[in-house]
Amino acid sequence: MNVNKPRVIKDFEKLDESIREQIKLVYPEGFVDNLISYVNKDGQKVSALPLETDDFYYLVRMTTKQAAQIIDEDDDFDDEGILKSEVKEDYENKYSDLDYLSDNNDDSDDDDDYD
């Protein structure tokens, strides 16, 4: 994470549609296993889904239960919670000019806790 980027902390439903679509591209197998935890300004431990763009570092607030529910209720994902191939292809074409999406897709073993 680039510490110089402003953080945007929002609920999934309140994000612009384009950011939600990009999140689906970065996490095509669902969100639950990619949640991180951090301590918010009130000292509470919160879980969120990270997304780094060229301009911002997003922390999308959601619990494990909410993460699973979002995928279950989203028609872009199949019954196994995988982004449908035709949807993935559409989004890849739509956002092909965004280099950071491929950077976000790198599977790394980074520390999952941010303080």
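Averaging the sequence gap over all C-alpha pairs within less than 8 Å and six or more residues apart, then dividing by the number of residues, gives the chain a relative contact order of 32 percent.
Relative to the longest principal axis of the Cα atoms of the chain, the long axis of helix 17-26 makes an angle of roughly 90 degrees.
Please report the antiparallel percentage of DSSP beta bridges with both residues in the chain, rounded to the nearest 5. The answer is about 60 percent antiparallel. Taking a straight line from the alpha carbon of residue 24, these lysines sit under 18 Å away, with near neighbours fewer than eight places off in the same chain left out: 10, 14, 65, 84, 88, 94.
Between the helical axis of 64-73 and the longest alpha-carbon principal axis of the chain there is an angle of about 20 degrees.
A simple count of charges around residue 92, restricted to other residues whose Cβ falls under 14 Å of its Cβ and scoring Lys, Arg +1 and Asp, Glu -1, yields -3. The share of alpha-carbon pairs in the chain lying farther apart than 24 Å comes to 21%.
Taking Cα atoms only, the orientation of helix 85-94 departs from the longest principal axis of the chain by about 70 degrees.
Taken together, the values in this text are just the output of simple stated rules run on the coordinates, not laboratory data. Predicted model only: the values in this text are computed from it and were never measured. A quick note on method: Cβ atoms are made from the backbone with ideal geometry, for glycine too, and the neighbour counts reach across all protein chains shown.
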